[in-house]
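None of the figures in this text is laboratory data; all of them are computed from the coordinates on show. Small disclaimer: the values here were computed from a predicted structure and weren't measured. With ideal geometry, Cβ positions are generated from the backbone for all residues, glycine too; neighbour counts draw on all protein chains shown.
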Amino acid sequence: MNVLVIGSGGREHAICWKLHQSSHVKQIFCSPGNAGIAEIATCVPVSPTDIERLAEFAIVQKIDLTIASMDEPLARGIVDYFRKKGLRIFGPTKEAAKLEWSKYFAKEFMLRHNIPTAPYACFEQKEFALAYAKSQKHPIVVKADGLALGKGVTVAQSFEEAKIAIHDCFDGKFGQAGEKVVIEEFMRGHEVSVFAISDGKDAVTLVPAQDYKRLYDGDSGPNTGGMGAYAPVPFMTGELIGQVKEEIIMPTIKGMEKEGNPYHGILYCGLMVTDESKIKVVEFNSRLGDPEAQVVLPLLDEDLFEICWAVTEGELGKYKEGFHRLGGAALCVVIASDGYPENYRKGIRIDFSKLNEPVEIVSGKNPQTLEAILRAKGIIFHAGTARDADGRLVSNGGRVLGVTALADSLLDAQVLAYKLCERIDFEGKYYRKDIGDKGMV
């Protein structure tokens with residue numbers, strides 16, 4: 001089978017990496033891909049939003065399955081267009097993906113279907129949003145309604161911070177995404193990402209993950225697309241996962257079907273387990289998270305191609321007992337370029353030569369056995385990388401690499417991931433030093 005993956009980030013590298021393990025997959029294409037993806041797939045120089053050209057490519061290359069893994073192509077209707085052309089594609093339609101590309105729609109949908117979320121208000125005019133924000137108890141959360149690359153959310157600790165966030169939205173910082181603003185009550189608790197794969201009728205969950213959205217250690221600094229993640233999440237017991245499926249996932253799947261937009265693909269539930277032990281929705285996304293994909297997919301002990309194919313056939317029910325997963329833990333540290341998420345340089349040479357040096361086994365933080373470390377495994381997923389004119393590996397984005405480690409324990413995975421990060425060199429590299437700490441408290 002020939003498979004086309006749409007995207008160019010660490011998430012897409014993880015998807016291609018997982019597909020590469022399938023006995024069903026003959027050739028993988030990725031549009032546009034990156035330098036790491038190019039090692040296992042054929043990269044196609046077509047924009048992810050050039051839907052007509054992508055469909056033409058799929059027809060010419062006899063693509064058997066396309067996986068739409070990015071938010072913007074989904075919001076532009078890539079699934080609808082491919083289906084009209086008779087092409088098999090994994091992902092939700094434009095109207096189903098509205099759960100992600102309109103936060104206001106998602107809030108109204110949850111209200112209609114009694115899905116727990118924070119109280120909110122939506123505004124189309126700056127002055128009304130400012131007046132409302134001033135009247136609220138802080139902190140509050142200000143969200144651009146549309147897609148903003150994960151950077152359109154501000155947890156405002158004061159009215160002054162809320163005011164800046166509201167001005168950013170209405171004054172064009174996020175383009176059309178900021179033409180509406182959702183302001184919601186701040187929820188206290190523990191965030192977790194739960195991913196469900198659905199064929200419009202049934203839904204099966206993947207291992208829960210916890211990501212780190214802020215730029216700096218201690219969850220400080222600006223929001224980013226994600227600086228790291230780990231899985232599984234210790235506090236997400238089987239009972240809690242069952243509660244999420246019963247109270248959030250299935251009401252969403254049934255609600256979308258009832259409203260005439262059956263949901264096919266991955267439903268990303270960004271959740272808050274509140275201090276009162278209640279589970280509420282922070283946000284919905286219509287695809288895998290990035291960097292969560294880099295820890296969730298390595299722990300999936302199933303053929304990803306077979307799962308995606310089953311969704312397109314409406315046969316996900318055969319996984320009713322759940323997906324098998326590997327034991328142990330996975331942890332991903334994102335290495336970013338200095339200046340991210342605002343202004344950052346591209347074209348900086350990346351040096352992997354030190355990865356060949358022996359890894360120091362015992363540290364004060366992790367006096368684990370040699371055997372445990374030897375069982376661990378490191379994977380470097382590329383996010384923003386390219387090859388220069390001389391064929392050298394260089395940076396090509398704000399988030400450059402996702403360094404993932406698999407090990408028997410989260411502690412072992414954390415130590416290995418950071419040992420690998422230390423051995424990767426490029427000018428201005430930056431990464432958080434506390435990824436995984438929350439899972440060991």
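In the chain, the calculated helix contribution to ellipticity at 222 nm averages -7500 deg cm²/dmol per residue, counting -39,500 (n - 2.57) for every DSSP H run with n ≥ 4. Note on log10 I(q)/I(0) by the Debye sum over Cα atoms at q = 0.08, 0.09, 0.13 Å⁻¹: of the candidates (1) -0.43, -0.55, -1.23; (2) -0.51, -0.65, -1.36; (3) -0.62, -0.75, -1.32, the value calculated from this structure sits at (1). Taking the number of Cβ atoms within 10 Å of each Cβ as an exposure proxy, the fewest-first ranking of ASP338, ASP168, ASP145, ASP275 is ASP275, ASP338, ASP168, ASP145. What the phi angles of region 281-294 give under the Karplus curve with 6.51, -1.76 and 1.60, with θ = phi - 60°, is a coupling list of 7, 7, 6, 10, 10, 9, 6, 5, x, 9, x, 4, 4, 6 Hz, glycine and proline written as x. By definition, a body whose alpha carbon gyration tensor gives a ≥ b ≥ c is prolate when a/c is 1.5 or more and a/b is larger than b/c, and region 130-277 fits this prolate description. 3J(HN,Hα) along region 308-323: 5, 5, 4, 5, 5, 8, x, 10, 5, x, 5, 9, 4, 7, x, 7 Hz, from the Karplus curve 6.51 cos²θ - 1.76 cosθ + 1.60 with θ = phi - 60°, whole Hz, x for Gly and Pro. Applied to region 391-397, the Karplus parametrisation 6.51 cos²θ - 1.76 cosθ + 1.60 on θ = phi - 60° returns per-residue 3J(HN,Hα) values of x, 7, 6, 9, 6, 8, x Hz, with x for Gly and Pro.
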